[in-house]
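Enquirer: Take a look at this one; I'll ask things after.
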Amino acid sequence: MRRLKAGLARAAASIPVMQVEEERWSGDSMNFRIRALGQVATGQVDVADDQVRVEVVLPWLLQRFAEMAQATIRKRGQLLLTKDGGK
């Protein structure tokens, strides 16, 4: 949880076309809203002891970039969850 809470804004800062507009935690779940390429995407992150589930709702324009974004999120997520926090 600690790594994820610190990591969203840091991950977004490394992607110039993306900015975090909202990040709201409730227990082990986070709702978020991000803006990329002038489009807004929303989603939720659910953290369990053995997994992290990310669900993102994309506008049609951003769906074209979904596969690339999914690979990036998966890679950055793995880095955030490692012991050194991806440093």
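The values are calculated or read from the model by the stated rules, or taken from the named source; none is laboratory data. Bear in mind that the values here come from a model prediction, so they are computed numbers and not experimental data. Every residue, glycine among them, receives a Cβ derived from its backbone with ideal geometry; neighbour counts consider all protein chains shown.
Enquirer: Residues in the range 9-42 that are on the phi < 0 side of the Ramachandran plot and in contact with a Phe, Trp or Tyr (Cβ under 9 Å, 6 or more places away or on another chain): how many?
Expert: Qualifying residue count, the range 9-42: 10.
Enquirer: One residue is enough: does the range 22-37 have a residue meeting the conditions over 20 Å from Gln63 (Cβ atoms), surrounded by 15 or more Cβ atoms within 10 Å (Cβ to Cβ) and aliphatic (A, V, I, L, M)?
Expert: yes
Enquirer: Additional query: Only one of these is outside any helix (DSSP H, G or I), among the hydrophobic types (A, V, I, L, M, F, W, C) and at pLDDT below 75: Ile15, Ile73, Ile34. Name it.
Expert: Residue meeting the stated conditions: Ile15.
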